[in-house]
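The block underneath contains the structure these notes are about, expressed in structure tokens.
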Amino acid sequence: MKSNVKSAYLIPGSPLPLLRSDAVGLRPIVEGLDRARKSLEAAAPDTVIVYSTGWIAVVDQMWLTRPHMTGRFVDGTWHEFGHIDWEIDVAVPIAERAIASTEAFGIKSRGCDYDGFPIDAGTIVFSKSMNATASIPLVVTSNNLYHDWEITRKIGQVAVETAAAQGKTVSIVGIGGLSGSIFRDGVDFDNDRIYSPEDDAANGKLIELVTSGDVERLEAYVPEYSKVARADMGMKHLGFLLGALGGTYSSAECLGYGPLCGSGGAVVEFTP
């Protein structure tokens, strides 16, 4: 059966590329997001399925079910750099079907239809940088802290299957960082860098495995990488994306890699 997945992307969730797009040190991620935007526009899916490590849930698997949402985001850490106005449209029928579908493998889901709900930074970064006019409706689901790699992978798979059952093509976006150590005393963003050579090397190995397309070796390396590099949420955003892709893809290209106040970020495009 022909896949309904048209493209997929891994992007960082930090708002710095939007708030300090002028900074030389952040340019690789800024330019990578712009290349991903153009790729998504060319793919022209009916819906984008979004998983962000920044939307933390502890009870149930949460899904946005409010048709249209707008807001003004001010980051708790980087508030001095201003705000981000955002808007998103939600593909509610797909989200509601997904909510019903996760019970089949023991995961309780519920919708979130609440005016003023605090959308996480990563989802806003994606919406503003790659879907700024809200022209493509989204399916947005949460990162439940109690769900491991395999459950997260399964949720990604179910989200795509649900869209396919409704005849919709999709693109997938997994939002989260790479290495997690940051410069806690701040940094000149023009001269930002990865926190340590060890983190930089671990990030490089992960990206090399991602772009090699060797999913078995990639998934085998993730636990070690997560420990060595203090990876964002054990790279569950990558697990979600791999589940959504059915565990395989034909190629992947790193569109941008660089520091975000010392932590690692990458923009990667996957071709199903």
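The values are calculated or read from the model by the stated rules, or taken from the named source; none is laboratory data. Keep in mind it's a predicted model, so treat the numbers as computed, not measured. Because the Cβ atoms are built from the backbone with ideal geometry, glycine has one as well, and the counts that use them run over all protein chains shown. Areas reflect the complete protein model, heavy atoms only, side chains present, ligands, DNA and RNA absent. Shrake-Rupley method; radii C 1.70, N 1.55, O 1.52, S 1.80 Å.
Brief remarks follow.
- Compactness of the chain - radius of gyration and Dmax, Cα, Å: 17.2, 52
- With all protein chains kept in place, the per residue accessible area of the chain amounts to 43 square angstrom at a probe of 1.4 angstrom.
- Net +/- balance of residues flanking Gly25 in space, Cβ distance below 12 Å, scoring K and R +1, D and E -1: -1
- Computed over segment 28-134, the range of Cα coordinates on each principal axis works out to 41, 34, 24 Å, biggest value leading.
- Solvent exposure ordering (accessible area, 1.4 Å, most first) of Trp55, Trp78: Trp78, Trp55
- Zero-based 10 Å bins, Cα pair distances in segment 66-204, whole percents: 9, 32, 33, 20, 5
- Helix-only [θ]222 nm of the chain, DSSP H runs n ≥ 4, -39500 (n - 2.57) each, per residue, nearest 500: -11000 deg cm²/dmol
- Value in Å of the Kirkwood radius, where segment 1-45 supplies the Cα pairs that are averaged: 11.9 Å
- For the chain, with all protein chains in place and a probe radius of 1.4 Å, 49% of the accessible heavy-atom surface sits on carbon or sulfur.
- Rg in Å to one decimal, and Dmax rounded to a whole Å, for segment 160-272 via C-alpha atoms: 15.1, 50
- When peptides 11-21, 222-232 are ranked by their average number of other Cβ atoms within 10 Å per residue, the highest-first order is 11-21, 222-232.
- When the charge dipole of the chain is built from unit charges on Cβ atoms (+1 for Lys and Arg, -1 for Asp and Glu) and taken about the Cα centre, the candidate among Pro197, Val24, Pro137 whose Cα reaches farthest toward its positive end is Pro137.
- Restraint check, Lys154/Lys227; Lys128/Lys236; Lys168/Lys227; Lys128/Lys154; Lys6/Lys227; Lys108/Lys168, Cα-Cα greater than 30 Å: Lys168/Lys227; Lys6/Lys227
- Net charge of Cβ neighbours under 15 Å - reference Arg217; Lys, Arg +1; Asp, Glu -1: -4
- Positive minus negative residues near Ala231 (Lys, Arg vs Asp, Glu; Cβ under 11 Å): 0
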